[in-house]
1. With Ala45, Ala57, Ala17 as the choices, which residue is under 22 Å from Pro185 (Cα atoms), surrounded by 13 or more Cβ atoms within 10 Å (Cβ to Cβ) and modelled with pLDDT of 95 or more?
2. Test Thr91 against the criterion of being hydroxyl-bearing (Ser, Thr, Tyr) and over 20 Å from Ser15 (Cβ atoms), and give yes or no.
3. If Phe186 satisfies every condition in (1) under 15 Å from Thr91 (Cα atoms); (2) touching a residue at least 12 places away in the same chain (Cβ under 8 Å); (3) surrounded by fewer than 17 Cβ atoms within 10 Å (Cβ to Cβ) but one, which is the exception?
4. Determine the pairs where a residue that is free of Cβ contacts under 8 Å to residues at least 60 places away in the same chain and within 16 Å of His205 (Cα to Cα), located within region 165-181, has a partner that is in a helix (DSSP H, G or I) and among the acidic types (Asp, Glu) with Cβ atoms under 8 Å apart, the partner being 6 or more residues away or on another chain.
5. I'm trying to understand the selection: among the residues of region 181-208, which are touching a helix residue (DSSP H, G or I) at 6+ places or on another chain (Cβ under 8 Å) and of a type outside the set (A, V, I, L, M, F, W, C)?
6. Could you check how many residues of region 213-231 are hydrophobic (A, V, I, L, M, F, W, C) and closer than 20 Å to Leu175 by Cβ?
7. If only one of Gly198, Gly154 is more than 22 Å from Val221 (Cβ to Cβ) and free of Cβ contacts under 8 Å to residues at least 40 places away in the same chain, which one is it?
8. Could you grab me the full set of residues in region 220-253 that are within 17 Å of the chain's Cα centre (by Cα), at pLDDT 50 or above, open to solvent by 50 Å² or more (accessible area, probe 1.4 Å) and closer than 24 Å to Arg74 by Cα?
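The values are calculated or read from the model by the stated rules, or taken from the named source; none is laboratory data. Nothing here was measured: the structure is a model prediction, and the numbers come from that model. No Cβ is skipped: glycine too gets one built from the backbone with ideal geometry, and neighbour counts run over all protein chains shown. Ligands, DNA and RNA are stripped out before the accessible areas are found, and what is left, the full protein with its side chains, is counted by its heavy atoms. Shrake-Rupley method; radii C 1.70, N 1.55, O 1.52, S 1.80 Å.
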Amino acid sequence: MNHGPAPTRPYVLLSCATSIDGYIDDASEQRLLLSNADDLDRVDAVRASCDAILVGAGTVRRDDPRLLVRSAVRRAERVACGRPSSPTKVTLTARGDLDPTARFFTAGDPSRIVYCATGAVEKTRERLDRLAIIVDAGEPVDPEWLLADLAGRGVERLMVEGGGTVHAQFLTAGLADELHLVVAPFFVGDGRAPRFVGEGRFPWHPGRRARLAEARQIGDVVLLRYALSNRCPTAPAGSAGPAGSAAPAGSAG
């Protein structure tokens, strides 16, 4: 049976948690916890359903995330299906300023890919050559090319966990299929703190409203799931998530 040509890019799910006033962190040195335990477990299920997880270099530096599937049961299920215990870790950088001791590079055993601007390739290879696959992604880094390259590496489902600059890149380029926005029940109220996205020309505006596929209360937070392309199912996530996944969709944690 002819199923048509393979997609030229992975299914892209953007995931973020914000305060009521749209901040993804505060201005302190400590990371602001926006999700609750139930939401974080849901995020873990989404990670387990993906082939790769992408964050920007700023998130690697600021939050030092592990980007691993936490649940031993979910890790075992992935391995039983012939997959690595956690998805491939992916980051992109303009300058190559990444610390080889960051948990992105040291935690767990998944593959790691660093997409860097042409001018930073040599520097990045000197720092990280033994820790990750280093890929020249153009000047500046081209997210559309990056997605095509990931597709060529077998990535069919990509979870983008931030930060705001990376989310804005994918959104303004029209490269997102689905957005999961979790809203925490408090305000940050500090203009020095990072927001979900900054200024930009977004494909969704008053004349072209995004489709709200689901709104779900999870304890004291609310998940808003937006369908941003016709690849995204609009039915509420349940026993079968987007793109035929058995895991429910989730937000960044």
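1. Details: Ala45 fails: under 22 Å from Pro185 (Cα atoms); Ala57 fails: under 22 Å from Pro185 (Cα atoms).
None of the others qualify; the one that does is Ala17.
2. Working: hydroxyl-bearing (Ser, Thr, Tyr): yes; over 20 Å from Ser15 (Cβ atoms): no.
In short, no.
3. So Phe186 meets the others, but not (1).
4. The qualifying pairs are Ala173/Glu144.
5. Within region 181-208, Pro194, Arg195, Gly198, Gly200, Arg201, Pro203 meet the criteria.
6. So in region 213-231, the residues hydrophobic (A, V, I, L, M, F, W, C) come out as 213, 215, 218, 221-224, 227-228.
Those left that are additionally closer than 20 Å to Leu175 by Cβ: 213, 224, 227-228.
Number of matching residues: 4.
7. Values: Gly154 fails: free of Cβ contacts under 8 Å to residues at least 40 places away in the same chain.
Exactly one residue qualifies, and that residue is Gly198.
8. None; the set is empty.
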